[in-house]
Amino acid sequence: MLKSIILAAGKGTRMKSETPKVLHEIFNKTLLGYVIEAVNNTELADENIVIVGHQAEKVEEFVKNNYENSKTVLQTPQLGTGHAVSMALPLLEDYDGEIIILCGDTPLITSDTIKEFVNFHRKENSDLTVMSAIFDNPTNYGRIIRNNDNTLNSIVEEKDATAEQKSVQEVNAGIYCLNWAKIKPAFKDLKTNNAQGEYYLTDIVKWAGLNNLKTLAYILKNNEEIFGINSKENLAEASRYLNNRVASKLMANGVTIIDPISTWISPETEIEPDTIIYPSCYIEGKNKIGKHCKIGPFAHLRGDVIIEDNVKIGNFVEVKKTTIKSNTNACHLTYLGDSEIGSNVNIGAGTITANYNPLTKEKSRTIIKDNVKIGVITVVTKDLPDKK
(Lines give C-alpha, C1' and ligand atoms only; values in the text may rest on other atoms or scores of the structure.)
Protein backbone atom coordinates (compact mmCIF):
# COMPACT_ATOMS: atom_id res chain seq x y z
CA MET A 1 0.00 0.00 0.00
CA LEU A 2 1.43 3.37 -1.04
CA LYS A 3 0.26 6.97 -0.92
CA SER A 4 2.03 10.12 -2.00
CA ILE A 5 2.33 13.53 -0.39
CA ILE A 6 3.16 16.25 -2.92
CA LEU A 7 4.40 19.61 -1.66
CA ALA A 8 2.74 22.40 -3.64
CA ALA A 9 2.23 25.25 -1.18
CA GLY A 10 5.08 27.57 -2.16
CA LYS A 11 4.58 31.06 -3.51
CA GLY A 12 7.26 30.94 -6.20
CA THR A 13 8.22 34.59 -5.80
CA ARG A 14 10.91 34.44 -8.49
CA MET A 15 8.35 33.36 -11.09
CA LYS A 16 7.07 36.98 -11.02
CA SER A 17 3.58 35.78 -11.90
CA GLU A 18 0.01 35.85 -10.65
CA THR A 19 -0.21 32.13 -11.49
CA PRO A 20 0.82 29.73 -8.69
CA LYS A 21 4.21 28.23 -9.45
CA VAL A 22 2.97 24.63 -9.67
CA LEU A 23 0.28 25.65 -12.20
CA HIS A 24 2.77 26.97 -14.74
CA GLU A 25 2.80 24.78 -17.82
CA ILE A 26 5.05 22.89 -20.19
CA PHE A 27 3.24 21.68 -23.33
CA ASN A 28 -0.10 22.73 -21.81
CA LYS A 29 0.37 20.50 -18.77
CA THR A 30 1.03 21.97 -15.33
CA LEU A 31 4.17 21.24 -13.35
CA LEU A 32 2.01 19.67 -10.65
CA GLY A 33 0.22 17.60 -13.28
CA TYR A 34 3.50 16.08 -14.43
CA VAL A 35 4.33 15.03 -10.87
CA ILE A 36 0.88 13.57 -10.10
CA GLU A 37 0.88 11.63 -13.37
CA ALA A 38 4.39 10.32 -12.77
CA VAL A 39 3.16 8.88 -9.47
CA ASN A 40 -0.08 7.56 -10.95
CA ASN A 41 1.73 5.90 -13.86
CA THR A 42 3.74 3.76 -11.45
CA GLU A 43 0.44 2.02 -10.60
CA LEU A 44 1.76 1.76 -7.03
CA ALA A 45 -0.09 4.61 -5.32
CA ASP A 46 -3.80 4.63 -4.61
CA GLU A 47 -3.99 8.24 -3.37
CA ASN A 48 -2.12 11.53 -3.69
CA ILE A 49 -2.30 14.19 -0.99
CA VAL A 50 -1.34 17.61 -2.34
CA ILE A 51 -0.27 20.22 0.23
CA VAL A 52 -1.48 23.65 -0.91
CA GLY A 53 -0.87 27.14 0.43
CA HIS A 54 -0.27 30.11 -1.88
CA GLN A 55 -3.40 30.72 -3.98
CA ALA A 56 -4.74 27.48 -2.54
CA GLU A 57 -8.14 27.83 -4.22
CA LYS A 58 -6.65 27.70 -7.71
CA VAL A 59 -4.50 24.67 -6.95
CA GLU A 60 -7.38 22.90 -5.19
CA GLU A 61 -9.65 23.49 -8.19
CA PHE A 62 -7.02 22.12 -10.57
CA VAL A 63 -6.54 18.95 -8.52
CA LYS A 64 -10.25 18.40 -8.00
CA ASN A 65 -11.08 18.82 -11.70
CA ASN A 66 -8.31 16.61 -13.05
CA TYR A 67 -7.34 13.82 -10.64
CA GLU A 68 -9.95 11.64 -8.97
CA ASN A 69 -7.42 9.87 -6.73
CA SER A 70 -5.99 13.12 -5.34
CA LYS A 71 -7.05 15.48 -2.57
CA THR A 72 -5.67 18.69 -1.12
CA VAL A 73 -4.74 19.83 2.36
CA LEU A 74 -4.14 23.47 3.29
CA GLN A 75 -0.88 24.56 4.94
CA THR A 76 -1.29 27.88 6.70
CA PRO A 77 0.86 29.49 7.84
CA GLN A 78 3.74 28.03 5.83
CA LEU A 79 6.41 27.07 8.34
CA GLY A 80 8.64 24.80 6.28
CA THR A 81 8.63 21.46 4.49
CA GLY A 82 8.36 19.39 7.68
CA HIS A 83 5.36 21.45 8.74
CA ALA A 84 3.84 20.94 5.27
CA VAL A 85 3.95 17.16 5.55
CA SER A 86 2.55 17.31 9.08
CA MET A 87 -0.62 18.87 7.65
CA ALA A 88 -1.47 15.41 6.26
CA LEU A 89 -1.34 13.75 9.70
CA PRO A 90 -5.12 13.86 10.32
CA LEU A 91 -5.78 12.15 6.98
CA LEU A 92 -3.26 9.41 7.74
CA GLU A 93 -4.04 8.77 11.38
CA ASP A 94 -4.81 5.06 10.86
CA TYR A 95 -2.65 4.51 7.79
CA ASP A 96 -0.03 1.75 8.05
CA GLY A 97 1.56 1.69 4.59
CA GLU A 98 4.30 3.55 2.78
CA ILE A 99 4.41 7.25 1.95
CA ILE A 100 6.40 8.80 -0.87
CA ILE A 101 7.02 12.53 -0.58
CA LEU A 102 7.74 14.64 -3.68
CA CYS A 103 7.86 18.30 -4.72
CA GLY A 104 5.19 19.68 -7.03
CA ASP A 105 7.67 21.79 -9.02
CA THR A 106 9.84 18.94 -10.43
CA PRO A 107 8.09 18.02 -13.69
CA LEU A 108 10.93 15.89 -15.09
CA ILE A 109 10.67 13.07 -12.55
CA THR A 110 9.65 9.83 -14.24
CA SER A 111 7.45 6.97 -13.13
CA ASP A 112 10.29 4.51 -13.85
CA THR A 113 12.58 6.32 -11.40
CA ILE A 114 9.86 6.44 -8.75
CA LYS A 115 9.26 2.70 -9.14
CA GLU A 116 12.99 1.91 -8.88
CA PHE A 117 13.21 4.11 -5.78
CA VAL A 118 10.27 2.42 -4.04
CA ASN A 119 11.55 -1.04 -5.00
CA PHE A 120 14.97 -0.18 -3.51
CA HIS A 121 13.26 0.92 -0.29
CA ARG A 122 11.34 -2.34 -0.10
CA LYS A 123 14.20 -4.64 -1.11
CA GLU A 124 16.49 -3.14 1.53
CA ASN A 125 13.77 -3.28 4.21
CA SER A 126 14.42 0.38 4.88
CA ASP A 127 12.28 2.41 7.24
CA LEU A 128 13.21 5.71 5.59
CA THR A 129 14.86 6.15 2.19
CA VAL A 130 15.96 9.46 0.70
CA MET A 131 16.67 9.96 -3.00
CA SER A 132 20.06 11.55 -3.53
CA ALA A 133 22.17 12.78 -6.45
CA ILE A 134 25.86 13.40 -7.11
CA PHE A 135 26.64 16.94 -8.32
CA ASP A 136 30.02 18.34 -9.31
CA ASN A 137 28.83 21.66 -7.93
CA PRO A 138 26.45 20.98 -5.02
CA THR A 139 26.00 24.63 -4.03
CA ASN A 140 22.58 25.44 -2.51
CA TYR A 141 21.65 21.78 -1.97
CA GLY A 142 21.28 19.95 1.32
CA ARG A 143 24.23 17.57 1.79
CA ILE A 144 23.84 13.83 2.35
CA ILE A 145 25.91 12.79 5.38
CA ARG A 146 26.46 9.04 5.58
CA ASN A 147 27.61 6.82 8.45
CA ASN A 148 30.68 4.56 8.19
CA ASP A 149 28.41 1.64 7.23
CA ASN A 150 26.98 3.71 4.33
CA THR A 151 23.59 4.19 5.99
CA LEU A 152 22.23 7.71 6.09
CA ASN A 153 23.14 9.81 9.09
CA SER A 154 21.55 13.17 8.27
CA ILE A 155 20.83 15.82 5.67
CA VAL A 156 22.43 19.18 6.37
CA GLU A 157 21.09 22.27 4.65
CA GLU A 158 23.77 24.47 3.12
CA LYS A 159 23.02 27.40 5.43
CA ASP A 160 23.63 25.13 8.41
CA ALA A 161 26.58 23.14 6.97
CA THR A 162 30.21 23.26 8.10
CA ALA A 163 33.00 23.75 5.56
CA GLU A 164 33.68 20.00 5.61
CA GLN A 165 30.03 19.16 5.02
CA LYS A 166 29.84 21.66 2.15
CA SER A 167 32.57 19.68 0.36
CA VAL A 168 30.24 16.66 0.09
CA GLN A 169 28.97 16.22 -3.48
CA GLU A 170 26.05 13.90 -2.67
CA VAL A 171 22.94 16.01 -2.19
CA ASN A 172 19.32 15.62 -1.21
CA ALA A 173 17.08 15.16 -4.26
CA GLY A 174 13.95 16.03 -2.27
CA ILE A 175 12.09 12.73 -2.64
CA TYR A 176 11.45 10.42 0.32
CA CYS A 177 9.95 6.98 0.88
CA LEU A 178 9.04 6.06 4.42
CA ASN A 179 7.18 3.48 6.43
CA TRP A 180 4.53 5.80 7.77
CA ALA A 181 3.70 4.11 11.07
CA LYS A 182 7.36 4.20 12.15
CA ILE A 183 8.24 7.71 10.92
CA LYS A 184 4.97 9.49 11.72
CA PRO A 185 6.01 10.39 15.31
CA ALA A 186 8.96 12.37 13.92
CA PHE A 187 6.70 15.15 12.71
CA LYS A 188 5.62 15.95 16.25
CA ASP A 189 9.25 16.19 17.38
CA LEU A 190 10.55 18.58 14.72
CA LYS A 191 12.22 21.76 15.98
CA THR A 192 12.99 25.14 14.37
CA ASN A 193 16.54 25.54 15.68
CA ASN A 194 18.08 26.22 12.27
CA ALA A 195 19.13 29.20 10.13
CA GLN A 196 15.69 29.50 8.52
CA GLY A 197 13.65 29.11 11.70
CA GLU A 198 11.51 26.49 9.94
CA TYR A 199 10.45 22.89 10.48
CA TYR A 200 12.76 21.04 8.08
CA LEU A 201 11.53 17.80 6.51
CA THR A 202 15.19 16.75 6.31
CA ASP A 203 15.32 16.53 10.12
CA ILE A 204 13.30 13.30 10.06
CA VAL A 205 16.51 11.57 8.90
CA LYS A 206 18.38 12.43 12.09
CA TRP A 207 15.30 11.52 14.12
CA ALA A 208 15.11 8.09 12.45
CA GLY A 209 18.75 7.37 13.27
CA LEU A 210 18.30 8.36 16.90
CA ASN A 211 15.37 5.95 17.08
CA ASN A 212 17.38 3.06 15.58
CA LEU A 213 15.41 2.93 12.34
CA LYS A 214 17.07 1.81 9.11
CA THR A 215 17.74 4.89 7.02
CA LEU A 216 19.26 4.77 3.53
CA ALA A 217 19.94 6.93 0.48
CA TYR A 218 19.22 5.88 -3.10
CA ILE A 219 21.41 7.59 -5.71
CA LEU A 220 19.48 8.93 -8.70
CA LYS A 221 20.80 7.85 -12.10
CA ASN A 222 19.76 10.97 -14.06
CA ASN A 223 20.11 14.26 -12.18
CA GLU A 224 17.97 16.03 -14.75
CA GLU A 225 14.87 14.43 -13.23
CA ILE A 226 15.02 16.48 -10.03
CA PHE A 227 15.39 19.83 -11.78
CA GLY A 228 13.17 22.22 -9.81
CA ILE A 229 11.35 25.25 -11.18
CA ASN A 230 11.93 28.54 -9.37
CA SER A 231 11.94 31.05 -12.23
CA LYS A 232 10.78 31.54 -15.80
CA GLU A 233 14.33 30.76 -16.89
CA ASN A 234 14.11 27.43 -15.04
CA LEU A 235 10.78 26.79 -16.75
CA ALA A 236 12.31 27.29 -20.18
CA GLU A 237 15.26 25.07 -19.29
CA ALA A 238 12.98 22.28 -18.04
CA SER A 239 10.98 22.56 -21.25
CA ARG A 240 14.16 22.00 -23.27
CA TYR A 241 15.12 19.01 -21.14
CA LEU A 242 11.69 17.45 -21.64
CA ASN A 243 11.66 18.16 -25.36
CA ASN A 244 15.11 16.63 -25.81
CA ARG A 245 13.94 13.54 -23.96
CA VAL A 246 10.91 13.20 -26.24
CA ALA A 247 12.91 13.78 -29.43
CA SER A 248 15.58 11.24 -28.45
CA LYS A 249 12.97 8.58 -27.77
CA LEU A 250 11.18 9.20 -31.06
CA MET A 251 14.39 9.14 -33.09
CA ALA A 252 15.45 5.92 -31.37
CA ASN A 253 12.14 4.44 -32.54
CA GLY A 254 12.68 5.39 -36.18
CA VAL A 255 11.25 8.90 -36.53
CA THR A 256 13.35 11.41 -38.46
CA ILE A 257 13.54 14.81 -36.80
CA ILE A 258 15.58 17.09 -39.03
CA ASP A 259 16.35 19.68 -36.34
CA PRO A 260 15.49 18.63 -32.77
CA ILE A 261 16.53 22.03 -31.43
CA SER A 262 13.86 23.98 -33.32
CA THR A 263 11.22 21.24 -33.15
CA TRP A 264 8.92 20.88 -30.13
CA ILE A 265 6.94 17.68 -29.57
CA SER A 266 4.80 16.93 -26.52
CA PRO A 267 5.36 13.73 -24.49
CA GLU A 268 1.79 12.60 -25.29
CA THR A 269 2.40 12.59 -29.04
CA GLU A 270 2.90 9.18 -30.68
CA ILE A 271 4.70 9.05 -34.04
CA GLU A 272 5.28 5.94 -36.14
CA PRO A 273 8.64 5.10 -37.80
CA ASP A 274 9.70 6.61 -41.12
CA THR A 275 7.77 9.81 -40.57
CA ILE A 276 9.79 12.99 -41.07
CA ILE A 277 9.37 16.05 -38.86
CA TYR A 278 10.84 19.13 -40.53
CA PRO A 279 12.28 22.12 -38.60
CA SER A 280 10.31 24.68 -36.60
CA CYS A 281 7.26 22.52 -35.90
CA TYR A 282 5.29 22.83 -32.65
CA ILE A 283 3.29 19.74 -31.70
CA GLU A 284 1.40 20.02 -28.42
CA GLY A 285 -1.23 17.96 -26.62
CA LYS A 286 -2.10 14.34 -27.35
CA ASN A 287 -1.67 13.27 -30.98
CA LYS A 288 -1.09 10.17 -33.11
CA ILE A 289 0.89 10.39 -36.35
CA GLY A 290 1.25 7.38 -38.64
CA LYS A 291 4.05 6.06 -40.84
CA HIS A 292 5.67 7.77 -43.83
CA CYS A 293 4.17 11.18 -43.03
CA LYS A 294 5.83 14.52 -43.61
CA ILE A 295 5.12 17.23 -41.06
CA GLY A 296 6.29 20.81 -41.57
CA PRO A 297 8.33 22.88 -41.72
CA PHE A 298 6.52 25.47 -39.59
CA ALA A 299 3.51 23.24 -38.85
CA HIS A 300 1.45 23.53 -35.66
CA LEU A 301 -0.51 20.59 -34.24
CA ARG A 302 -2.58 21.79 -31.30
CA GLY A 303 -3.73 18.49 -29.82
CA ASP A 304 -6.32 15.74 -30.33
CA VAL A 305 -4.98 15.19 -33.84
CA ILE A 306 -4.92 11.77 -35.51
CA ILE A 307 -2.95 11.51 -38.74
CA GLU A 308 -2.89 8.23 -40.62
CA ASP A 309 -0.11 6.97 -42.93
CA ASN A 310 1.39 8.86 -45.89
CA VAL A 311 -0.04 12.25 -44.98
CA LYS A 312 1.64 15.56 -45.75
CA ILE A 313 1.11 18.49 -43.37
CA GLY A 314 3.11 21.31 -44.92
CA ASN A 315 4.42 24.72 -44.03
CA PHE A 316 2.23 27.08 -41.99
CA VAL A 317 -0.53 24.48 -41.58
CA GLU A 318 -2.37 24.40 -38.25
CA VAL A 319 -4.39 21.36 -37.15
CA LYS A 320 -6.60 20.94 -34.05
CA LYS A 321 -9.04 18.21 -32.95
CA THR A 322 -8.96 16.66 -36.39
CA THR A 323 -8.60 13.20 -37.91
CA ILE A 324 -6.82 13.01 -41.27
CA LYS A 325 -6.92 9.69 -43.09
CA SER A 326 -4.18 8.20 -45.26
CA ASN A 327 -2.67 9.70 -48.43
CA THR A 328 -4.07 13.19 -47.81
CA ASN A 329 -2.15 16.44 -48.34
CA ALA A 330 -2.51 19.86 -46.73
CA CYS A 331 0.63 21.54 -47.94
CA HIS A 332 0.36 25.31 -47.44
CA LEU A 333 -1.16 28.02 -45.28
CA THR A 334 -4.15 26.03 -44.01
CA TYR A 335 -6.22 25.70 -40.82
CA LEU A 336 -8.02 22.41 -40.12
CA GLY A 337 -9.95 22.41 -36.86
CA ASP A 338 -12.68 20.15 -35.42
CA SER A 339 -12.75 18.18 -38.65
CA GLU A 340 -12.68 14.73 -40.19
CA ILE A 341 -10.69 14.57 -43.40
CA GLY A 342 -10.93 11.49 -45.61
CA SER A 343 -8.33 9.59 -47.64
CA ASN A 344 -6.77 10.87 -50.86
CA VAL A 345 -7.90 14.43 -50.17
CA ASN A 346 -5.96 17.45 -51.40
CA ILE A 347 -6.39 20.65 -49.40
CA GLY A 348 -5.47 23.74 -51.45
CA ALA A 349 -3.38 26.60 -50.11
CA GLY A 350 -5.22 29.11 -47.96
CA THR A 351 -8.02 26.73 -46.93
CA ILE A 352 -9.71 27.01 -43.53
CA THR A 353 -12.50 25.15 -41.78
CA ALA A 354 -15.02 27.61 -40.33
CA ASN A 355 -17.29 25.68 -37.99
CA TYR A 356 -17.74 27.99 -35.01
CA ASN A 357 -21.14 29.61 -34.44
CA PRO A 358 -20.51 32.95 -32.67
CA LEU A 359 -24.18 33.28 -31.70
CA THR A 360 -24.51 29.93 -29.95
CA LYS A 361 -20.78 29.66 -29.15
CA GLU A 362 -20.87 26.06 -30.38
CA LYS A 363 -18.38 24.13 -32.48
CA SER A 364 -19.62 21.69 -35.08
CA ARG A 365 -17.46 19.19 -36.99
CA THR A 366 -16.56 19.63 -40.60
CA ILE A 367 -16.42 16.37 -42.55
CA ILE A 368 -14.54 16.16 -45.82
CA LYS A 369 -14.90 12.69 -47.28
CA ASP A 370 -12.59 10.63 -49.49
CA ASN A 371 -11.06 11.88 -52.76
CA VAL A 372 -12.16 15.51 -52.38
CA LYS A 373 -9.95 18.15 -54.04
CA ILE A 374 -10.21 21.66 -52.60
CA GLY A 375 -8.91 24.70 -54.46
CA VAL A 376 -6.95 27.60 -53.05
CA ILE A 377 -8.30 30.28 -50.69
CA THR A 378 -11.34 28.24 -49.63
CA VAL A 379 -13.54 28.40 -46.55
CA VAL A 380 -15.19 25.06 -45.75
CA THR A 381 -18.28 25.57 -43.62
CA LYS A 382 -20.17 22.33 -44.24
CA ASP A 383 -19.60 18.69 -45.05
CA LEU A 384 -18.17 17.73 -48.45
CA PRO A 385 -19.19 14.29 -49.84
CA ASP A 386 -17.06 11.67 -51.54
CA LYS A 387 -15.69 12.42 -54.97
CA LYS A 388 -15.59 9.15 -56.92
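Give 288/361; 184/214; 325/373; 71/221; 58/182; 64/191 a once-over and call out the pairs whose C-alpha atoms are over 25 Å from each other.
Flagged as over cut-off: 288/361; 71/221; 58/182; 64/191.
On the basis of the beta-carbon distance and an R0 of 41 Å, residue 315 and residue 66 show a calculated FRET efficiency of 0.75.
The distance linking region 69-122 with region 321-345 is 45 Å (Cα centroid to Cα centroid, whole angstrom). Computed on protein heavy atoms with a 1.4 Å probe, the accessible areas place 135, 117 in the order 135, 117, largest first. Please work out whether region 123-225 counts as rounded, prolate or oblate from its C-alpha gyration tensor, where a ≥ b ≥ c are the square roots of the eigenvalues and a/c under 1.5 means rounded, while otherwise a/b larger than b/c means prolate and anything else oblate? Note, shape of region 123-225 comes out oblate. For region 178-230, rounded, prolate or oblate, judged on the Cα gyration tensor with a ≥ b ≥ c (square roots of eigenvalues), a/c < 1.5 rounded, else prolate if a/b > b/c? Since a/c reaches 1.5 but b/c is at least a/b, the shape of region 178-230 is classed as oblate.
The length gained on full extension between residue 137 and residue 262, counted as 0.36 nm times the residue separation minus their Cα-Cα distance, comes to 42.0 nm.
Measuring r between the beta carbons of residue 151 and residue 252 and using R0 = 45 Å, the FRET efficiency lands at 0.75. Ordered by solvent-accessible area of protein heavy atoms (1.4 Å probe), largest first, the residues 251, 1 come out as 1, 251.
What's the magnitude of the charge dipole for the chain around its Cα centre, counting Lys and Arg as +1 and Asp and Glu as -1 at the beta-carbon? Answer in Debye, nearest 20.
For this selection, approximately 960 debye.
Listed options for percent of Cα pairs over 36 Å apart are (i) 36; (ii) 57; (iii) 30. The value calculated from this structure is the one marked (i). Based on alpha-carbon centroids, what's the gap between region 13-66 and region 152-213 in Å, whole number please? Result: 25 Å between the Cα centres. Each DSSP beta bridge with both residues in region 237-362 is either parallel or antiparallel, and the antiparallel ones are about 5%. By the helix-only formula, in which each DSSP H run with n ≥ 4 contributes -39500 (n - 2.57) and the sum is divided by residues, the chain has a 222 nm mean residue ellipticity of -5500 deg cm²/dmol.
Look at the alpha carbon pairs under 8 Å that are at least 6 residues apart: their mean separation over the length of the chain gives a relative contact order of 11 percent. On a per residue basis, the chain carries 48 Å² of accessible surface, using protein heavy atoms and a 1.4 Å probe.
The share of accessible area on the chain that comes from carbon and sulfur is 48 percent, using a 1.4 angstrom probe. Spin-label pair residue 123-residue 25: with each label point 7 Å from Cα along the Cα-Cβ axis, the two points sit 3.9 nm from one another. For region 310-388, averaging the sequence separation of C-alpha pairs within contact (under 8 Å, six or more residues apart) and dividing by the residue count gives a relative contact order of 25 percent. The DSSP beta bridges internal to the chain are antiparallel in roughly 25% of cases. Potential lengthening of the chain between residue 74 and residue 110 amounts to 10.3 nm, from the contour at 0.36 nm per residue minus the alpha-carbon distance.
Assuming a ≥ b ≥ c are the square roots of the Cα gyration tensor eigenvalues, decide whether region 191-262 counts as rounded (a/c under 1.5), prolate (otherwise, with a/b larger than b/c) or oblate. List each step's numbers first, then the result.
On the way: a/c = 7.49, a/b = 2.16, b/c = 3.47.
Since a/c reaches 1.5 but b/c is at least a/b, the shape of region 191-262 is classed as oblate.
The values are calculated or read from the model by the stated rules, or taken from the named source; none is laboratory data. Treat the numbers as computed from the prediction; the structure is a model and nothing was measured. FYI the Cβ positions are ideal-geometry reconstructions off the backbone, even for glycines, and counts take in every protein chain you see. Side chains are part of the model used for accessible areas, which takes the heavy atoms of the whole protein and leaves out ligands, DNA and RNA. Shrake-Rupley method; radii C 1.70, N 1.55, O 1.52, S 1.80 Å.
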